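Visitor: I have a structure here, written as structure tokens, and I will follow up with some questions on it.
Each reported figure results from applying straightforward, stated rules to the coordinates on display, with no laboratory input. This is a predicted model, so every value here is computed, not measured.
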Ligand code: PMP
């Protein structure tokens with residue numbers, strides 16, 4: 001009855017089992033404090049250590065330069081769709097690259113606050129790829145260029161950082177942060193909800209270059225004002241205490257795996273296993289174009305909607321969950337974030353082969 005299954009959910013998604021075990025061991029009495037982290041004052045010295053350690057570990061893993069602030073915020077990644085234009089539109093214009101559903105939502109939200117242009121879009125190709133550098137139409141005087149580094153629904157991922165002639169890049173990394181090494185200094189702002197690779201829903205991480213702060217629009221709510229949140233070390237009010245604690249455990253786990261280089265190598269092996277099989281099969285069809293395929297969300301379909309549905313229902317019986325594609329695209333989606341072990345992907349590929357043999 002307590003058997004865990006391979007959970008291919010796009011988010012909230014699988015956590016490393018070690019993290020869950022530690023959280024469970026510490027649930028009633030955190031390190032002799034006599035209380036759960038859930039019951040702790042956010043101003044206590046025990047909690048102060050938890051939040052500072054989480055920030056320190058994140059800075060170390062991503063090699064975040066000193067001139068960047070790390071903020072732990074609430075409201076999900078979606079709240080940043082509003083906070084970003086409110087804080088960064090100092091002269092009033094920004095360029096957005098539309099590569100999927102969430103980039104489009106961010107774009108629409110930003111149009112409330114300034115002169116926003118679409119710098120590129122692959123909507124007409126069902127978001128099956130990322131625009132190339134040559135296709136991007138970037139303004140030299142824009143306040144920022146916005147992109148979504150991994151498109152959770154469509155299964156595409158940016159494999160390059162665009163040249164923007166000094167215009168800061170703002171990146172939504174909700175579904176691929178900590179999955180690979182990045183050079184933070186190539187970005188003005190990086191943000192991500194935690195519920196995929198960083199832990200549980202409730203905390204949103206914002207990494208922002210200091211010189212971009214302090215230019216918020218008049219009327220920006222205090223809770224959305226990066227400058228205030230930075231000045232108060234994310235403690236202007238009660239932060240999402242438990243979600244930050246879990247983030248700390250996940251970061252420790254990543255360190256034990258050997259850091260982001262090791263995580264990245266493993267993610268490449270996992271995705272390769274799936275994509276190689278998809279490419280060798282005439283039964284399954286991958287949704288994303290080869291050069292832009294996501295290592296985190298693998299989207300594909302069988303020859304028919306009926307077989308897609310059968311695939312999903314049979315996969316549940318085989319000990320896997322959440323393989324149904326997003327309702328906007330249909331088909332099948334396997335989300336294989338950091339916490340999905342290689343055995344989970346092997347189990348899925350074996351199931352796919354058997355399903356193809358029976359239904360192909
Ligand atoms: N951006 C991306 C890339 C996402 O995948 C998601 C959620 N799946 C969001 C933004 C929205 O995140 P939230 O639900 O935390 O607002």
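Visitor: Would you mind listing how long segment 260-359 runs along its three principal axes, going by Cα atoms, in whole Å with the largest first?
Guide: 40, 28, 26
Visitor: Ignoring everything except DSSP H segments at least 4 long, calculate the 222 nm mean residue ellipticity for the chain; use -39,500 (n - 2.57) per segment, divide by total residues, nearest 500.
Guide: Helix contribution divided over all residues of the chain: -11500 deg cm²/dmol.
Visitor: If we restrict to alpha carbons, what Rg and Dmax does segment 68-222 come to, in Å?
Guide: 14.3, 40
Visitor: Normalised by the number of residues in segment 197-315, what is the relative contact order in percent for Cα pairs under 8 Å and 6+ residues apart?
Guide: 18
Visitor: Tell me the relative contact order for the chain as a rounded percent, counting alpha carbon contacts under 8 Å between residues six or more apart. Display every interim value, and only then the final one.
Guide: Working: 653 pairs, mean separation 83.0, N = 360.
The normalised contact order for the chain reaches 23 percent.
Visitor: Along the principal axes of its C-alpha atoms, what lengths does the chain span, in descending order and rounded to whole Å?
Guide: 61, 56, 31
Visitor: Right, here's the next one. Using the Kirkwood radius over Cα pairs, work out the Stokes-Einstein diffusion coefficient for segment 65-144 at 10 °C and 1.306 mPa s, in µm²/s as a whole number.
Guide: 116
Visitor: Just to confirm my numbers, what's the Cα centroid distance between segment 273-347 and segment 185-232 in Å?
Guide: One Cα centre to the other: 33 Å.
Visitor: Let me see the pair-distance distribution of segment 1-98: every alpha carbon pair, 5 Å bin width, integer percents in order.
Guide: Reading the bins upward from 0: 2, 8, 11, 14, 18, 17, 13, 7, 5, 3, 1, 0.
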